[in-house]
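Single-structure report; data block below.
The values are calculated or read from the model by the stated rules, or taken from the named source; none is laboratory data. All figures in this text were calculated on a predicted structure; none of them were measured in a lab. A quick note on method: Cβ atoms are made from the backbone with ideal geometry, for glycine too, and the neighbour counts reach across all protein chains shown.
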């Protein structure tokens, strides 16, 4: 999946967010990428060999709201267009939103790459009374136009056949004569100074004049290499001057003018190929979608959804399934049998301890990973998959917007936060869908501080659910309060202004059971591959610390903090040491000693470990997205803050809950 | 019975259930956000159906359902379509 495309063999899937590119990618390659019913699921380019031609490499690119690129995910797509040797471009469009689709086509057509247009979701278009004359559209554009329903596999054969007939598209428009003159001058300069091996100079000129920063960088890099005759400005300066003059002539409004003319051209073409039946009443999915964001019903529906998740993950997963696996299977059957086998093979000694002792690879590492965490994350991933595919999550941005405005963000930040409940590492990457560096910084900080991942969430629900519903409620309110307070302070400390929310609400859909199962399976596979080795490594470290005498020393040293300030048994220090590797590993350590904790200790322990730094993989992702300095600064704030808040709750709860 | 145009009103003031036509995107809207709105299909003369105004303005433009904060919807100018008698 990660090999680079060979010469001119890349087929790029490009299109708006949430039009089904990743489902189509899966259909065409067999490779699974995470797909959901909300924009921004794909934030990086993914590659895989095509099923229909093993020589061809398919690239699934992040959705672009528009080109020229403005956001990080759009820039990733633009880089793929510039840097890959493309055999052809497949624009995936939403059949029911043809105007929008053709607005993007109007720009892609100028790139001079062979193209195919896949009009996806034409079943949804038909349900809304929208019929597109694909033959007429194909004739107008001069490229194959195929109707597909990627989720149902309709039209995939015709589409792959269409790849062989990909053509450079006819231009949809000629811009205003003055703008055309600027485009022509720029295209001539690009041809002379920085020609692209595949992309037409005119297309690059339109993108550059429209303010695409990725194209600007590419041109600066390549034109900078050309050596002008003495007395002339460098290639880069010539291009910059041309652009500046063109922008000045348009009173600084050139990008908007270009976009508006493309929109008008797309409007005209769409009107000529669409037939729209008059619909008497909104579809059930539309009415349901409106109830979910309704000013009165929205919040009760949200609470109902949260309660259903609690019942499924916290009660069924963390109590029923964990009980079956941990008590009945592992403690009742597997662990005694394994211990017996090890005793028989090795006899008493350090090897026996290493495998089945207090910090044994099997008795601790594998038991934690498989008996305690696996059932919890399985139920969580399933519930999360249902929510993702239903189209509920984007509507959550509307419900959460006012709350998030208190912390200097808009409702869009709820998506990475909710994704963080699945996996903080992936959620950190997903912050790329946010529009400003300030929003990304605040969101990444809050993810690292106060959003528990699925494994940890499950352990918390399992442990505190065993105490009482009040304990769960206290922990949840504490987390929300800390999230809001920290966000409020961060928003005031980090300069910049808040961007008001504008977001698309995709249609509500009935989740497809097979897709949810596939997605759950894919995430579980990733979980097992990532978590089991880390749990084993963590157990090994604990074993080594214990045998070397360091762990008792750490427990003694940590006593004033853990026993004195947090009010926990001093042995809980071991769980916090484990928490440095993965905080869910640490939480599981506390879970394992739940029988010896009072309700207050259980809540304080869970609050402290939830606020702890996330796993090592998350830390690496924070470094990747924000740089080492910022990531380390966050860790330096988070670790003492976790203990500080934990201690405060210890004092508070003892005062009011004894 | 042909439609006539009324005065321009901010989108945020239009009651749910109304059909309006987009007149202009105000200069107060951030340029990047204006581009974003254009990309969503909000162009002059496009018909818009207002679905709700609380907690945010939710509209249907073609088949695209959009949620807009009032800070943005206040600066989107629309003309309410009325039937001439």
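Of all residues in region A:501-522, which are crowded, with 20+ Cβ neighbours inside 10 Å and more than 18 Å from residue A:392 (Cβ to Cβ)?
A:502
Name the single residue that is surrounded by the most Cβ atoms within 10 Å (Cβ to Cβ) among those in region A:167-184 being outside any loop (DSSP other than H, G, I, E, B) and touching a residue at least 60 places away in the same chain (Cβ under 8 Å).
Restricting to residues being outside any loop (DSSP other than H, G, I, E, B) and touching a residue at least 60 places away in the same chain (Cβ under 8 Å), the top hit is A:182.
Evaluate the following for residue A:507: is it under 27 Å from residue A:385 (Cβ atoms), touching a helix residue (DSSP H, G or I) at 6+ places or on another chain (Cβ under 6 Å), more than 14 Å from every other protein chain (Cβ to nearest Cβ) and not in a helix (DSSP H, G or I)? Write out each step before concluding.
Numbers: under 27 Å from residue A:385 (Cβ atoms): yes; touching a helix residue (DSSP H, G or I) at 6+ places or on another chain (Cβ under 6 Å): yes; more than 14 Å from every other protein chain (Cβ to nearest Cβ): no; not in a helix (DSSP H, G or I): yes.
So residue A:507 does not fit the description; no.
Regarding region A:53-64, can at least one residue be identified that is within 14 Å of chain B (Cβ to nearest Cβ) and at pLDDT below 95?
Yes, there is a match, as at least one residue in region A:53-64 is within 14 Å of chain B (Cβ to nearest Cβ) and at pLDDT below 95.
Assess whether residue B:78 counts as being buried (at least 22 other Cβ atoms within 10 Å of the Cβ) and more than 28 Å from residue A:15 (Cβ to Cβ). Steps first, answer last, please.
On the way: buried (at least 22 other Cβ atoms within 10 Å of the Cβ): yes; more than 28 Å from residue A:15 (Cβ to Cβ): yes.
When the stated conditions are applied, residue B:78 passes them.
For region A:609-624, which positions are modelled with pLDDT of 85 or more and over 12 Å from residue A:584 (Cα atoms)?
If the condition is that a residue be modelled with pLDDT of 85 or more and over 12 Å from residue A:584 (Cα atoms), then A:622, A:623 are the ones that fit.
What is the number of the single condition among (1) crowded, with 20+ Cβ neighbours inside 10 Å; (2) under 21 Å from residue A:270 (Cα atoms); (3) touching a residue at least 24 places away in the same chain (Cβ under 8 Å); (4) within 10 Å of chain A (Cβ to nearest Cβ) that residue B:45 does not meet?
All conditions pass for residue B:45, except number (1).
Out of everything in region A:135-158 that is touching a residue at least 60 places away in the same chain (Cβ under 8 Å) and in contact with a strand residue (DSSP E or B) (Cβ under 6 Å, 6 or more places away or on another chain), what residue ends up being nearest to residue A:28 (Cα to Cα)?
The extreme case among them is A:150.
Picking from A:454, A:468, which residue would you name as being crowded, with 20+ Cβ neighbours inside 10 Å and touching a residue at least 60 places away in the same chain (Cβ under 8 Å)? Walk me through it before giving the result.
On the way: A:468 fails: crowded, with 20+ Cβ neighbours inside 10 Å.
Just one listed residue meets the conditions, A:454.
Could you please find all residues in region A:523-550 being farther than 23 Å from residue A:456 by Cα and buried (at least 20 other Cβ atoms within 10 Å of the Cβ)?
none
Sort out which residues of region B:52-79 are out of contact with any helix residue (DSSP H, G or I) (no Cβ under 8 Å at 6 or more places or on another chain) and either more than 22 Å from residue A:283 (Cβ to Cβ) or at the interface with chain A (Cβ under 7 Å from one of its Cβ atoms) (or both), and write them in order of number.
Matches in region B:52-79: B:54, B:66, B:71, B:75, B:79.
Only one of these conditions is not met by residue A:403: (1) within 16 Å of the chain's Cα centre (by Cα); (2) surrounded by fewer than 22 Cβ atoms within 10 Å (Cβ to Cβ); (3) within 14 Å of chain B (Cβ to nearest Cβ); (4) closer than 22 Å to residue A:309 by Cα. Which number is it?
With (1) within 16 Å of the chain's Cα centre (by Cα); (2) surrounded by fewer than 22 Cβ atoms within 10 Å (Cβ to Cβ); (3) within 14 Å of chain B (Cβ to nearest Cβ); (4) closer than 22 Å to residue A:309 by Cα applied to residue A:403, the lone miss is (1).
Identify all residues within region A:192-209 that are in a loop (DSSP other than H, G, I, E, B) and over 20 Å from residue A:168 (Cβ atoms); write none if there are none. Lay out the reasoning, then the answer.
Quick first cut of region A:192-209, residues in a loop (DSSP other than H, G, I, E, B) only: A:194-200.
A:194 - this is the single residue of region A:192-209 that is in a loop (DSSP other than H, G, I, E, B) and over 20 Å from residue A:168 (Cβ atoms).
Criterion first (out of contact with any strand residue (DSSP E or B) (no Cβ under 9 Å at 6 or more places or on another chain), modelled with pLDDT of 80 or more and under 23 Å from residue A:645 (Cβ atoms)) does residue A:441 satisfy it? It would help to see each step written out before you state the result.
On the way: out of contact with any strand residue (DSSP E or B) (no Cβ under 9 Å at 6 or more places or on another chain): yes; modelled with pLDDT of 80 or more: yes; under 23 Å from residue A:645 (Cβ atoms): yes.
Against the criterion (out of contact with any strand residue (DSSP E or B) (no Cβ under 9 Å at 6 or more places or on another chain), modelled with pLDDT of 80 or more and under 23 Å from residue A:645 (Cβ atoms)), residue A:441 qualifies.
The conditions are (1) under 30 Å from residue A:283 (Cβ atoms); (2) surrounded by fewer than 15 Cβ atoms within 10 Å (Cβ to Cβ); (3) within 14 Å of chain B (Cβ to nearest Cβ), and residue A:497 fails exactly one of them. Which is it?
Against the list (1) under 30 Å from residue A:283 (Cβ atoms); (2) surrounded by fewer than 15 Cβ atoms within 10 Å (Cβ to Cβ); (3) within 14 Å of chain B (Cβ to nearest Cβ), residue A:497 comes up short only on (1).
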